[in-house]
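Nothing in this text is a laboratory measurement; each read-out follows from the coordinates by a stated rule. Every value quoted in this text rests on a predicted model; they were computed, and no experiment measured them. Neighbour counts are summed over all protein chains in view; Cβ atoms, including those assigned to glycine, are modelled from backbone coordinates with ideal geometry.
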Amino acid sequence: QVQLVESGGGLVQAGGSLRLSCAASGRIFSTNAMGWFRQAPGKQRELVAIITSGGHTNYADSVKGRFTIARDNAKNTVYLQMNSLKPEDTAAYYCTASIGGLDYWGQGTQVTVSS
């Protein structure tokens with residue numbers, strides 16, 4: 001059984017920063033892509049950023065230049081550094097990881113940006 005546990009969400013003022021972490025645990029032999037999605041109330045879940053096992057990254061246009069995704073393969077952990085946060089970044093953020101051909105999701109962590 002694989003579990004993803006997120007941490008680091010919270011309330012921040014516009015222009016501030018937060019760092020999200022997501023650690024995968026369980027029977028893990030190799031982890032492929034890891035990433036972050038978000039879902040705001042009344043909206044569909046959307047991709048924020050993704051990183052491959054080789055370190056290649058892809059970002060949503062709305063976060064390019066502000067967010068940085070990174071991973072520690074030894075710890076099976078993915079991070080999302082979020083800078084210059086805007087009220088429109090307010091959402092529940094979900095970690096995802098492709099492990100052994102299956103996609104796993106975390107429980108979500110709330111990020112709220114006040115104006």
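Here are some notes:
- Applying 1/(1 + (r/R0)^6) with r as the Cβ-Cβ distance of Gln81 and Phe29 and R0 = 30 angstrom yields a FRET efficiency of 0.60.
- Derived scalar couplings between HN and Hα for region 59-65 equal 10, 5, 4, 5, 10, 4, x Hz in order, rounded to whole Hz, by the Karplus curve 6.51 cos²θ - 1.76 cosθ + 1.60 (θ = phi - 60°), x for Gly and Pro.
- Backbone N atoms of region 48-65 closer than 15 Å to the 7 Å Cα→Cβ label point of Asn73 belong to residues 51-57.
- The protection proxy used here, the mean number of other Cβ atoms lying within 10 Å of each residue, ranks peptides 61-69, 24-32 as follows, highest first: 61-69, 24-32.
- Residues of type aspartates and glutamates that Lys43 reaches as a straight line, Cα spacing below 19 Å, ignoring anything fewer than 8 places off in the same chain: Asp61, Glu88, Asp89
- Amide H contacts of Phe67 (H built 1.01 Å from N, under 5 Å, at least 5 apart or other chain): Asn83
- Here the 3J(HN,Hα) profile of region 41-47, calculated from phi with Karplus coefficients 6.51, -1.76 and 1.60 at θ = phi - 60°, is x, x, 10, 6, 5, 10, 5 Hz, Gly and Pro shown as x.
- Computed from phi, the 3J(HN,Hα) profile of region 26-31 under the Karplus parametrisation 6.51, -1.76, 1.60 (θ = phi - 60°) reads x, 7, 10, 9, 7, 10 Hz, with x in place of Gly and Pro.
- Residues in region 73-115 reached by a label modelled at Asp61 [backbone nitrogen below 11 Å; 7 Å Cα→Cβ]: none
- Near the amide H of Gly16, within less than 5 Å, lie the amide hydrogens of Leu85, all on another chain or at least 5 residues away, with H placed in the peptide plane.
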